[in-house]
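Accompanying notes for the structure given below.
Every number in this text was worked out from the coordinates using simple rules, so none of it is lab data. These figures come from a predicted structure and were not determined experimentally. Neighbour counts are summed over all protein chains in view; Cβ atoms, including those assigned to glycine, are modelled from backbone coordinates with ideal geometry.
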Amino acid sequence: MVLTIFLGSLLGGMAIGLPIAFALLLSGVALMYHMDMFDAQIVAQNLINGADSFTLLAVPFFLLAGEVMNVGGLSRRIVNVALALVGHVRGGLGFVAIMASCILASLSGSAVADAAALAVLLVPMMVRAGHDQARSSALIAAGGIIAPIIPPSIGFILLGVAGNLSISKLFLAGIVPGILIGLALCAAWWWVSRRENIEPTPRKSRAEVLAALREGFWALLLPGIIVGGLKFGIFTPTEAAVVAAVYSLFVAMVVYRELKPSQLFHVFTQSAQTTGVVMFLVAASLVSAWMITVADLPSQMASLLSPLMGNPTLLLLVIMLIIVAVGTAMDMAPTILILAPVLIPVVTQAGIDPIYFGVLFVINTAIGLITPPVGTVLNVVCGSTRTSMGALVKAIMPFLFAELAVLFLLVLFPSLVTVPAAWFSH
């Protein structure tokens, strides 16, 4: 009955058009009324506590870093490095897009920011070279979702807060799965573009490659600073976000000199607006998360899944299918904030490593960013490139299937996540 009231009020609120943050508040209040313990002070206190988190300070700083990189020329220089390295191979611009997606993912952690930047930079270039616009846009969208998987990741930060998991361990465990998704996209792009009769661009000379690397050096240095700092315990994920924001501001304003002081207000305003949306969502989710704990919803969910508890692989497959279905209708942040408090105790009870599960969970919710009809990244790329949604959805299917194949490969072979994660953590 408690589970029915929670889901009914949440889905009902969303169905009548309430923003997800308010629907989360509604579900928490509905559970309070059902359990005869409604108290406005508890709602207010949980809202305040939800946003009052040192760990969550990482979110605005990583969002600021991503905004600065796009405005300050770091993103463009990363694309130029990828062009110099692989632009000459057959279908090279597609491989440039994938490589740039992986590098940008290690800088900002925001799928929307990365996809928007690459769509503006690369899709016109790919269309001029003769590639299909819908297919090019689809590749950019599919590559954009690597951002929440390779550290630093806003998705892992939200999951760590919602599920009480180590964010540093989640960050380091996401490196290899993110690279595997990049390789899967390379295979899918090779498959779909092999019929296109497009002449590759001439190979860059060694001097041109070195010039591109020299220009992009300061941008490429940041991933090493972040991953190295986390691995050797120099700073926490929150401190890493501050380092990323300050470093990107310094490089954009002092080294590249593309970010002018007059642009700072706009950059800070954009970051603050996005942060406000995310933080209110997190604060609202804590009200429902607190009620989920009080009502002992994880135990009810465990009893529903009890026939599968003896088979961790089958349990994971079922949970992944549920999250895929939820991801078609819900954005990444609310999916994490709603399901993590319910599912993490269940998988822990089944003997599944919660860090391993967390990586699969975030990959799955990231894939939801490109599944219609709600896919946020899909809509952003559609608007940025003025591609019709119908054509984009059709073109993205090979890339979507490639990413789902990696997800289920990780379910079947957990060591692909756990072994590299253990190495990076020591």
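The phi-based Karplus calculation (6.51 cos²θ - 1.76 cosθ + 1.60; θ = phi - 60°) puts the 3J(HN,Hα) values of the stretch 408-420 at 6, 5, 5, 5, 6, 10, x, 5, 4, 9, 6, 5, x Hz, whole numbers, x for Gly and Pro. A full extension of the chain between Ala44 and Leu210 corresponds to an added length of 54.1 nm, given 0.36 nm per residue minus the alpha carbon distance. Rounded to the nearest 0.05, the FRET efficiency derived from the C-beta distance between Asn197 and Met309 at R0 = 56 Å is 0.55.
Note on the stretch 93-131 and the stretch 1-79: Cα centroid distance 29 Å, given to the nearest whole angstrom. Restricting the chymotrypsin sites (Phe, Trp or Tyr not before Pro) of the stretch 20-60 to loop positions (DSSP other than H, G, I, E, B) with no more than 12 neighbouring Cβ atoms within 10 Å leaves Phe54. Please identify, among Pro398, Pro19, Pro124, the residue showing maximal mean-square fluctuation in a Gaussian network model of the chain using a 10 angstrom Cα cutoff. Among Pro398, Pro19, Pro124, the largest mean-square fluctuation in the Gaussian network model of the chain belongs to Pro19.
In straight-distance terms, cross-link reach from Lys204 covers every one of the lysines whose alpha-carbon lies under 17 Å from its own, apart from those fewer than eight places away in the same chain; here that gives an empty set. With the helix formula -39500 (n - 2.57) applied to DSSP H stretches of n ≥ 4, the chain reaches a computed 222 nm mean residue ellipticity of -25000 deg cm²/dmol. Compactness check for the stretch 83-175: Cα Rg over 2.2 N^0.38 Å is 1.20.
For Lys394, list the aspartates and glutamates whose Cα falls under 20 Å from its own Cα; do not include residues on the same chain fewer than 8 positions away. Excluding near neighbours in sequence, the set is Asp132, Glu196, Glu403.
The simple Förster model, with R0 at 25 Å and r as the Cβ-Cβ distance, assigns Arg257 and Ile225 a FRET efficiency of 0.75. Legend: translational diffusion of the stretch 271-426 by Stokes-Einstein, Rh = Kirkwood radius over C-alpha pairs, 37 °C, 0.692 mPa s; D = 192 µm²/s.
Coupling constants for the stretch 158-173 follow from the phi torsions by the Karplus curve (6.51 cos²θ - 1.76 cosθ + 1.60, θ = phi - 60°), and in residue order they are 5, 5, x, 6, 5, x, 6, 10, 5, 5, 4, 5, 4, 3, 5, 6 Hz; glycine and proline get x.
With neighbours defined as other Cβ atoms within 10 Å of a residue's Cβ, the residues Ser106, Ser288, Ser262, Ser101 order from fewest to most as Ser262, Ser106, Ser288, Ser101. Put simply, when 64-74, 129-139 are sorted by average Cβ atoms within 10 angstrom per residue, most first, you get 64-74, 129-139. A dipole drawn for the chain from +1 and -1 charges on Cβ atoms has a positive end, and of Val209, Val287, Ile226 the residue lying farthest that way is Val209. For the stretch 303-321, the residues whose amide N sits under 12 Å from a probe point set 7 Å from the Cα of Gln349 along the beta carbon direction are 303-310. The angle between the Cα long axis of helix 20-34 and the main principal axis of the chain comes to about 10°, on a 0 to 90 degree scale. Residue-normalised convex hull volume from the C-alpha trace of the stretch 218-333: 188 Å³ per residue. Near Ala244: Cβ cut-off under 15 Å, other residues only, Lys/Arg at +1 and Asp/Glu at -1. The net charge is -3. Counted by Cβ distance under 13 Å from Gly182, the other residues give a net charge of -2, where Lys and Arg count +1 and Asp and Glu count -1. When restricted to Cα atoms, the chain yields an Rg and a Dmax of 21.5, 73 Å, respectively.
Packing around the peptides 221-231, 340-350, 306-316, taken as the average count of other Cβ atoms within 10 Å per residue, puts them in this order, highest first: 340-350, 221-231, 306-316.
How about Lys231: which lysines have a C-alpha closer than 16 Å to its C-alpha, ignoring those fewer than 8 places off in the same chain? Qualifying lysines at Cα under 16 Å: Lys169. Placing +1 on the Cβ of every Lys and Arg and -1 on the Cβ of every Asp and Glu, with no other charges, gives the chain a dipole of roughly 1440 debye about its Cα centre.
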